[in-house]
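**Q** Below is one structure. I have some questions about it.
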Amino acid sequence: MYREHTRKIKIGDRTIGGGSPILIQSMTNTPTEDVAATVAQIHRLEAAGCEIIRCTVPNEAAARALAEIKKQISIPLVADIHFDYKMAIAAIENGADKIRINPGNIGGKDKVRAVVEAARKKDIPIRVGVNSGSLEKELVEKYGGVTAEGIVESALDKVRMIEEEGYHNLVISIKSSDVMMCVRAHELLAPKTDYPLHVGITEAGTVFSGNIKSAIGLGLILNQGIGDTIRVSLTGDVAEEVKSAKLILRTLGLRQGGIEVVSCPTCGRTKIDQISLANQVETLATEFSDLNLKVAVMGCVVNGPGEAREADLGIAGGIGEGLLFRKGEIIRKLPEVEFIPALRQELEKERERVRQTV
């Protein structure tokens, strides 16, 4: 298991690598200099389960804003830097817990050295990020196009630039929108380094297509023991990234906690509004992400009662009504309009029970 043997790296008060839990990241899409909007979005992401947040720092105003943003959030703050090494230094001076750079596009060795020295003074990690879309021309020519081999060579070259400055507080990120190329690149990179790896399928697409591509790509990578922190990149509501990341980790058995919603696909036997009900339950589940439960929403009497009994909580639908189950036992029969209120009530009871046992 590669992740069991990567270096432990501190990001604020969190740790990645060395077998630590795989942490979920996201990135704000508000103007970073708009402190109120950025903090509000981070709070929403924190509530969804985000554990590390990244903000772009394209200018001085954004760099200065980091100091105020940090005061108002409780998860580590990463500064995303492109091209301007001065922004990296400014972000560090304003309290960034980590910076993300591509050492190849911020200038020569002197500029890389200046960024490294600033990071060294604060003892914060540098994430070395290389995307397939920014692969150097000479590597494209060497490998006859953009390839996994070229991405890995580029990343290791950038890592060496920082290692030559005597700094090893590093995280590596290699991303591509080509899912199988990204998978192959991680398979090539993992045996060649012990730095923690941040994993994601970049520019994956909309919530629909991006989730499918991310689930396949991240699933193949993570299931090989590769990856210490992840981001699901979606063109949509940023909270969806966190929800998807949590489900991917849970499905792979790499994380416990949160509510797993199981629901049937509907058929001609269904006599309740199963689709709407399942979506409402999934939304309800986000309010109770502190619980570790399985909730079944089943549409008819064929498989419904059996599946509902196997869950911690479950609904088995009938004709405009259904049975509410808890731990295999029928609680009561109730009309369809009472399904969601009843489930909410049961979840609140479970939350209170957990609180009393802690």
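The values are calculated or read from the model by the stated rules, or taken from the named source; none is laboratory data. Source: prediction; values computed, not measured. All Cβ positions, even for glycine, are placed from backbone atoms using ideal geometry, and neighbour counts span all protein chains on display. Surface accessibility is based on the protein's heavy atoms, side chains included, excluding ligands, DNA and RNA. Shrake-Rupley method; radii C 1.70, N 1.55, O 1.52, S 1.80 Å.
**Q** Do the sum for the chain: with -39,500 (n - 2.57) for every DSSP H run of n ≥ 4, divided by all residues, what is the mean residue ellipticity at 222 nm, to the nearest 500 deg cm²/dmol? Don't skip to the end; give the middle numbers.
**A** Numbers: 12 runs with 153 residues, N = 358.
Value at 222 nm, helices only: -13500 deg cm²/dmol.
**Q** Highest mean first, what order results for 181-187, 241-247, 4-10 on Cβ atoms within 10 Å? All intermediate terms of the calculation are to be shown ahead of the outcome.
**A** Values: 181-187: 22.4, 241-247: 24.1, 4-10: 16.4.
Highest-to-lowest ranking by the protection proxy: 241-247, 181-187, 4-10.
**Q** If you put +1 on each Lys and Arg Cβ and -1 on each Asp and Glu Cβ, how big is the dipole of the chain around its Cα centre, in Debye rounded to 20?
**A** Details: 46 positive and 48 negative charges, 120 e Å.
Charge dipole of the chain: 580 debye, to the nearest 20.
**Q** Same structure again: Could you state the accessible area per residue of the range 223-358 in Å², with a 1.4 Å probe and every protein chain left in place? Please report the intermediate quantities before stating the final value.
**A** Working: 6870 Å² over 136 residues.
Result: 50 Å² of accessible area for each residue.
**Q** Something else about it: Mind ordering 87-93, 221-227 by average Cβ neighbours within 10 Å, highest first? Spell out each step's value before the answer.
**A** Working: 87-93: 23.4, 221-227: 18.6.
Final packing ranking: 87-93, 221-227.
**Q** Can you give me the Rg/Rh ratio for the range 20-135, using Cα atoms for both radii and the Kirkwood formula for Rh? Show your work: numbers first, answer last.
**A** Working: Rg = 13.7 Å, Rh = 14.3 Å.
So for the range 20-135, dividing Rg by the Kirkwood Rh gives 0.96.
**Q** Here's another thing I want to ask about it. Can you give me the C-alpha center-to-center distance between the range 203-258 and the range 111-154, rounded to a whole angstrom?
**A** Taking the Cα centre of the range 111-154 as reference, the centre of the range 203-258 is 24 Å away.
**Q** Report the accessible area of Asp273, computed with a 1.4 Å probe over the heavy atoms of all protein chains in place, in Å² rounded to the nearest 10.
**A** 90
**Q** Next up: Just to verify a number: what accessible area does Ile319 come out at with the full protein assembly present, 1.4 Å probe, Å² rounded to tens?
**A** 140
**Q** Considering only Ile221, Ala278, Tyr167, whose Cα is most displaced toward the positive end of the charge dipole of the chain, charges sitting on Cβ of Lys, Arg (+1) and Asp, Glu (-1)?
**A** Tyr167
**Q** Still on this structure, please answer the following. As I understand it, the dipole of the chain uses +1 on the Cβ of Lys and Arg and -1 on the Cβ of Asp and Glu, about the Cα centre. Which of Thr56, Thr38, Ile230 lies farthest toward its positive end?
**A** Result: Ile230.
**Q** Rounded, prolate or oblate for the range 134-188? Axes are the square roots of the Cα gyration tensor eigenvalues, ordered a ≥ b ≥ c, and the cut-off for rounded is a/c under 1.5.
**A** oblate
**Q** I'd like the antiparallel share, as a percent to the nearest 5, of DSSP beta bridges with both residues in the range 186-326. Intermediate results must be reported in sequence, preceding the final value.
**A** Details: 5 of 19 bridges.
Approximately 25 percent, going by the DSSP bridge assignments.
**Q** So for the chain: antiparallel DSSP bridges make up what percent, rounded to the nearest 5?
**A** Working: 14 of 52 bridges.
So the antiparallel bridges amount to about 25 percent of the total.
**Q** Heavy atoms only, probe 1.4 Å: what % of the accessible area of the chain goes to carbon and sulfur, would you let me know?
**A** Details: 8080 of 15840 Å².
In the chain, the share of accessible area belonging to carbon and sulfur is 51 percent.
**Q** In square angstrom, rounded to the nearest 10, how much accessible surface does Leu313 have for a 1.4 Å probe?
**A** Accessible area of Leu313: about 10 Å².
**Q** Identify which of the listed values of P(r) over Cα pairs in 20 Å bins from 0, in percent was calculated from the structure shown: (i) 21, 30, 20, 21, 7, 0; (ii) 28, 50, 20, 2; (iii) 30, 56, 13, 0.
**A** (ii)
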